[in-house]
1. Looking for whichever is within 17 Å of the chain's Cα centre (by Cα) and closer than 13 Å to SER66 by Cβ here; the options are LEU148, LEU165, LEU170, LEU140. Which one fits?
2. Please specify each residue of the range 103-127 satisfying the condition of being surrounded by fewer than 17 Cβ atoms within 10 Å (Cβ to Cβ), within 21 Å of PRO42 (Cβ to Cβ) and of a type outside the set (Asp, Glu).
3. Checking VAL92 against (1) touching a Gly at 6+ places or on another chain (Cβ under 7 Å); (2) open to solvent by 20 Å² or more (accessible area, probe 1.4 Å); (3) not small (Gly, Ala, Ser), which test does it fail?
4. Please determine, by comparing only the residues of the range 147-160 that are aliphatic (A, V, I, L, M) and within 15 Å of PHE74 (Cβ to Cβ), which one is most open to solvent (accessible area, probe 1.4 Å).
5. Answer yes if at least one residue in the range 128-146 is open to solvent by 60 Å² or more (accessible area, probe 1.4 Å), touching a residue at least 24 places away in the same chain (Cβ under 8 Å) and on the phi < 0 side of the Ramachandran plot, and no otherwise.
6. Kindly indicate whether any position in the range 18-27 is surrounded by 18 or more Cβ atoms within 10 Å (Cβ to Cβ) and more than 18 Å from the chain's Cα centre (by Cα).
7. Identify the single condition in (1) at pLDDT 95 or above; (2) open to solvent by less than 30 Å² (accessible area, probe 1.4 Å) that GLY54 does not satisfy, given that it satisfies every other one.
8. Tell me which residues, restricted to the range 123-174, are under 19 Å from GLN110 (Cβ atoms) and aliphatic (A, V, I, L, M).
Amino acid sequence: RSACKSEAEIQRRIYGRFMPDEDRIYIAYDPQINRKPAHPLPKDWLIYVGVDIGSGGDTGHSSAISCVAVRPDFKLARVFMGWHSGREITTVAMVVDKVLELTRDLNIAQIFYDWACADFWTIAQGMGLDVQPAQKGKQLGEQTVNVLFKNEILAIYDLPELDQLDRELLTYTR
């Protein structure tokens, strides 16, 4: 274990799991460093929500929602809550309902969504949600997330509902 250079190598060599190291997009993510025990967030932190509408099922990709709390000075952030539809087939309305459920009683700074799904904006606005189209430039986002993980600014709460995010960060390749 001590001779392994990363958590991916430990998973591969000791536990025999498929864990790519080459061509990983989020190479700076290390669950030993970037997964943190859940703890209450200060009330003044800003909360941002990201929504991928997806479609679920065997032929589409899963719907997902991530909630990130950011310290007001923008020097620390935590993914503190999330949802992943798995193989469940989802509709746009179901995803909007899930956003409302997850964000109830939270002081939301902004909600971003994949603007390729125009119906999401229409349904969300009709249900009282103020949503903004996300920037879809992958390169900028990937670089930013890697820098945040490397500098231990961004961490993910160690919660069962965020395990899928953990797996994707460890296995998502080019």
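The values are calculated or read from the model by the stated rules, or taken from the named source; none is laboratory data. Please read all numbers here as calculations on a predicted model, not as lab measurements. Glycine gets a Cβ as well: all are built from the backbone with ideal geometry, and neighbour counts include every protein chain shown. We work out accessible area using only protein heavy atoms, side chains counted, and drop any ligands, DNA or RNA first. Shrake-Rupley method; radii C 1.70, N 1.55, O 1.52, S 1.80 Å.
1. Numbers: LEU148 fails: closer than 13 Å to SER66 by Cβ; LEU170 fails: closer than 13 Å to SER66 by Cβ; LEU140 fails: closer than 13 Å to SER66 by Cβ.
Exactly one residue qualifies, and that residue is LEU165.
2. ARG104, LEU106, ASN107, ILE108, ALA109, GLN110
3. Single failed check for VAL92: (1).
4. Start the filter on the range 147-160 by keeping residues that are aliphatic (A, V, I, L, M), which leaves 147-148, 153-156, 159.
From what is left, the residues that are within 15 Å of PHE74 (Cβ to Cβ) are 147-148, 153-155.
On the way: VAL147: 79, LEU148: 51, ILE153: 43, LEU154: 20, ALA155: 2 Å².
Looking at residues that are aliphatic (A, V, I, L, M) and within 15 Å of PHE74 (Cβ to Cβ), I get VAL147.
5. No, the conditions are met nowhere in the range 128-146.
6. There is at least one residue in the range 18-27 that is surrounded by 18 or more Cβ atoms within 10 Å (Cβ to Cβ) and more than 18 Å from the chain's Cα centre (by Cα).
7. (1) is the only condition that GLY54 fails.
8. Residues of the range 123-174 under 19 Å from GLN110 (Cβ atoms): 123-137, 140-141, 144-145, 148, 153-154.
Those that are under 19 Å from GLN110 (Cβ atoms) and aliphatic (A, V, I, L, M): ILE123, ALA124, MET127, LEU129, VAL131, ALA134, LEU140, VAL145, LEU148, ILE153, LEU154.
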